[in-house]
Amino acid sequence: MDHPSNEKRSGFVAIIGRPNVGKSTLLNRLIGEKLAGVSPKPQTTRNCIRGILSREEGQIIFVDTPGLHEPRDLLGDWMAGEARKSLAEVDLVYWIILPGPPHPYEEKILEILRAVSLPVFLLVNQIDRFAKPEILPALDFYHKAYSFRELIPISAKTGEQIDLLIRKTFEYLPSSPPLFPEDQISDQNERFIAGEILREKLFLFTGEEIPYATAVVIESFKEREDGLIDIKAAIIVDKESQKAIVIGKKGQKLKQIGRAARLDMEKFLGKRIFLQAWVKTMPHWKRDKAALRRLGFGG
């Protein structure tokens with residue numbers, strides 16, 4: 001960890017934690033752009049999204065893993081495998097927890113961390129919502145359970161302590177020139193991020209009615225001569241009843257989802273968007289290996 005003061009440091013950081021602790025919110029806060037779908041529902045992240053932060057000190061490449069959870073189907077198996085695989089390819093781990101008593105699955109994450117020899121930062125998120133007396137017991141429990149390099153209470157939502165987190169992160173990264181162009185914020189292409197934005201709006205506007213039986217496929221992404229980007233997207237659901245919910249009465253729900261997604265896409269891409277979205281039923285796709293491959297999950 002001793003680096004000359006003017007030497008660049010660059011490396012990969014995995015962001016792990018059980019579902020719905022704020023991993024995607026933290027990634028978006030660190031990068032300053034909406035790269036990952038953010039929803040109050042758990043398990044909205046399905047791919048390991050890399051966000052890239054370039055600073056004078058060097059470059060941090062963040063890997064936002066699917067939430068570590070008990071897999072219930074082939075999609076769940078794939079997500080848990082991706083989360084574990086990401087740990088084999090990084091220099092540092094952020095483990096995000098929430099204040100309060102440890103969740104039962106947190107012990108399983110501890111077992112995974114004990115099996116890898118990586119520096120781990122424990123980040124206690126949502127300090128904007130919890131009083132200090134609620135945060136301290138969590139810090140005490142985890143301090144005794146594992147030898148963390150840093151324990152940092154943060155708020156991914158408000159940005160509290162994020163500057164400290166970034167400063168500490170650079171101290172643990174290897175000496176290396178930047179690994180990506182310094183104006184690049186992700187290794188995912190615009191097509192992928194457009195799909196993430198649409199999927200976030202799907203979670204946001206369907207309340208608790210739609211289970212995790214949805215996927216988004218960007219079937220066409222073309223820039224026209226007049227500069228407008230033409231995007232055609234399919235929303236995949238498990239059942240006809242779910243299709244009816246996503247479309248809504250007289251198509252109003254789908255229009256609401258599409259309008260909100262288009263506005264966020266325009267903000268991210270800095271260009272006008274023409275978005276066409278429709279809903280397809282693909283029964284049991286989460287348990288169908290061929291369907292999962294067609295939708296981009298697994299090889």
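The residue that is surrounded by the most Cβ atoms within 10 Å (Cβ to Cβ), counting only those in the range 119-178 that are in contact with a helix residue (DSSP H, G or I) (Cβ under 7 Å, 6 or more places away or on another chain), charged (D, E, K, R) and under 22 Å from E89 (Cβ atoms), is E150.
Kindly state which helices (runs of 4 or more DSSP H) lie completely within the range 18-132 and contain at least 2 residues that are modelled with pLDDT of 75 or more.
Answer list for the range 18-132: 23-31, 106-114.
The values are calculated or read from the model by the stated rules, or taken from the named source; none is laboratory data. In this text, all values refer to a predicted model and were calculated from it rather than measured experimentally. Don't worry about glycine lacking a Cβ; one is built from the backbone with ideal geometry, like all the others, and counts go over all protein chains shown.
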